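Enquirer: Please read through the structure below; I'll follow up with questions.
The values are calculated or read from the model by the stated rules, or taken from the named source; none is laboratory data. Keep in mind the model is a prediction, meaning the values are calculated, not measured. Don't worry about glycine lacking a Cβ; one is built from the backbone with ideal geometry, like all the others, and counts go over all protein chains shown. Remember, those area values only see protein heavy atoms, side chains included, never the ligands or the DNA or RNA. Shrake-Rupley method; radii C 1.70, N 1.55, O 1.52, S 1.80 Å.
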Amino acid sequence: METVEAPAKAPTKKEKKLRKIMIINSKATIDSVYAALILANGARMEGIESEIFCTFFGLEMLQKDKMDHLHVATVGNPGLHIPTMIGGLPGMETLASTMMRKEMDKLDIPPVSEFLEIYKASGGKVFACKLAMEMFHLEKKDLWDDLDEVLTVGDFYNRADEEGTQIIFV
Amino acid sequence: MEAVIANRPVEVNEQGYLLDMNQWDKEIARGIALEEGIELTDRHFEVLNYLRKEQESGTALSIRRVGKSGVVDIKEFYALFPEGPLKKASRIAGIPKPASCI
């Protein structure tokens, strides 16, 4: 129990208002998956509880044969500054994605498979959406071995029912 | 600014990181660790010495790099320095706070 009087020399620690973050990723693009992983892992690095919930195309980051070969969209992605007609040429998306992964490697950003391992070792949790798995005819054995659980949306909200929890949709 | 750690005056920044890593010794480390709620063991010091060596050689530290060091794996790193291992361990090791996102 806390005493009413604060100690004379206050410790550097203060009560955290942000205790847990829950990140939802519904997309398979490099930018979306890495945003989810960096936010989630970064939370663990700050001592914040962290969970990732993958749904829809976000399940690709949990499929062993796909996770390290994700793409960036070259069509409909104004941030890439490639004209739409050129972005749609065969091989463009693969080329742009390979280049992007190379740039990330230079910055010591790990491939998705290794990033998931780092995140898991940090105590982070990873969940998959039950309905999306049914939609894509995926079973738990098709997904990453260290997946924590398959959840319904209700399960997900129940996990969020704690003080200091934030949900982020990337 | 000046702070007194282990009964010795040392220069620290606003977040409590030593400004000069040469002012560091085991007693200072124990003093800072106590503020972080950690009691240091020999195992902690193995990690701290590794971090200091990396800092001296000018390496940018990240959790990934520490995990690949062969000194400590990521799981143990989190267990030794709970709730933010990289920043806590760096502070206890008397080196600057790493500006790493990974």
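Enquirer: Checking B:Leu61 against (1) within 11 Å of another protein chain (Cβ to nearest Cβ); (2) open to solvent by 30 Å² or more (accessible area, probe 1.4 Å), only one condition comes out false. Which one?
Expert: Condition not satisfied by B:Leu61: (2).
Enquirer: Check whether at least one residue in region A:48-64 is under 30 Å from B:Gln15 (Cβ atoms), at pLDDT 95 or above and open to solvent by 10 Å² or more (accessible area, probe 1.4 Å), and report yes or no.
Expert: Narrowing region A:48-64 to residues under 30 Å from B:Gln15 (Cβ atoms): A:48-52.
Now narrow it down to the ones that are at pLDDT 95 or above: A:48-52.
Retained after the next criterion (residues that are open to solvent by 10 Å² or more (accessible area, probe 1.4 Å)): A:48-49.
The answer is yes, given that some residue of region A:48-64 is under 30 Å from B:Gln15 (Cβ atoms), at pLDDT 95 or above and open to solvent by 10 Å² or more (accessible area, probe 1.4 Å).
Enquirer: Would a scan of region B:31-47 turn up a residue that is farther than 21 Å from A:Ala121 by Cα, more than 9 Å from every other protein chain (Cβ to nearest Cβ) and of a type in the set (D, E, K, R)?
Expert: yes
Enquirer: For residues in region B:78-102 being of a type in the set (Val, Ile, Thr) and part of a loop (DSSP other than H, G, I, E, B), which is most open to solvent (accessible area, probe 1.4 Å)? Step through it out loud before you land on a result.
Expert: Here is the first cut: in region B:78-102, the ones of a type in the set (Val, Ile, Thr) are B:92, B:95, B:102.
Remaining after also requiring part of a loop (DSSP other than H, G, I, E, B): B:95, B:102.
On the way: B:Ile95: 1, B:Ile102: 18 Å².
Among those residues, the one meeting the criterion is B:Ile102.
Enquirer: Something else about it: Answer with yes or no whether A:Ile82 is in contact (Cβ under 8 Å) with a residue 12 or more places away in the chain and within 15 Å of the chain's Cα centre (by Cα).
Expert: Spelling it out, it is not the case that A:Ile82 is in contact (Cβ under 8 Å) with a residue 12 or more places away in the chain and within 15 Å of the chain's Cα centre (by Cα).
Enquirer: Out of all the residues in region A:97-128, which are open to solvent by 20 Å² or more (accessible area, probe 1.4 Å), more than 14 Å from chain B (Cβ to nearest Cβ) and hydrophobic (A, V, I, L, M, F, W, C)?
Expert: Within region A:97-128, A:Met99, A:Met100 meet the criteria.
Enquirer: Could you pull out the residue among B:Val10, B:Val71 that is in a strand (DSSP E or B), more than 14 Å from chain A (Cβ to nearest Cβ) and either in contact with a Phe, Trp or Tyr (Cβ under 7 Å, 6 or more places away or on another chain) or surrounded by 14 or more Cβ atoms within 10 Å (Cβ to Cβ) (or both)?
Expert: Details: B:Val71 fails: in a strand (DSSP E or B).
After ruling out the rest, the residue left standing is B:Val10.
Enquirer: Considering (1) in contact with a Gly (Cβ under 8 Å, 6 or more places away or on another chain); (2) of a type in the set (D, E, K, R); (3) not in a loop (DSSP other than H, G, I, E, B), say which one A:Glu60 fails and leave the rest.
Expert: So A:Glu60 meets the others, but not (1).
Enquirer: Quickly run through region B:21-45 and pick out the residues that are closer than 13 Å to B:Phe81 by Cα, part of a helix (DSSP H, G or I) and over 11 Å from the mean Cα position of the chain (by Cα).
Expert: B:Leu34, B:Glu35, B:Arg43
Enquirer: Limited to region A:19-56, what total is found for residues that are under 15 Å from A:Ala132 (Cβ atoms), more than 10 Å from the chain's Cα centre (by Cα) and small (Gly, Ala, Ser)?
Expert: 1
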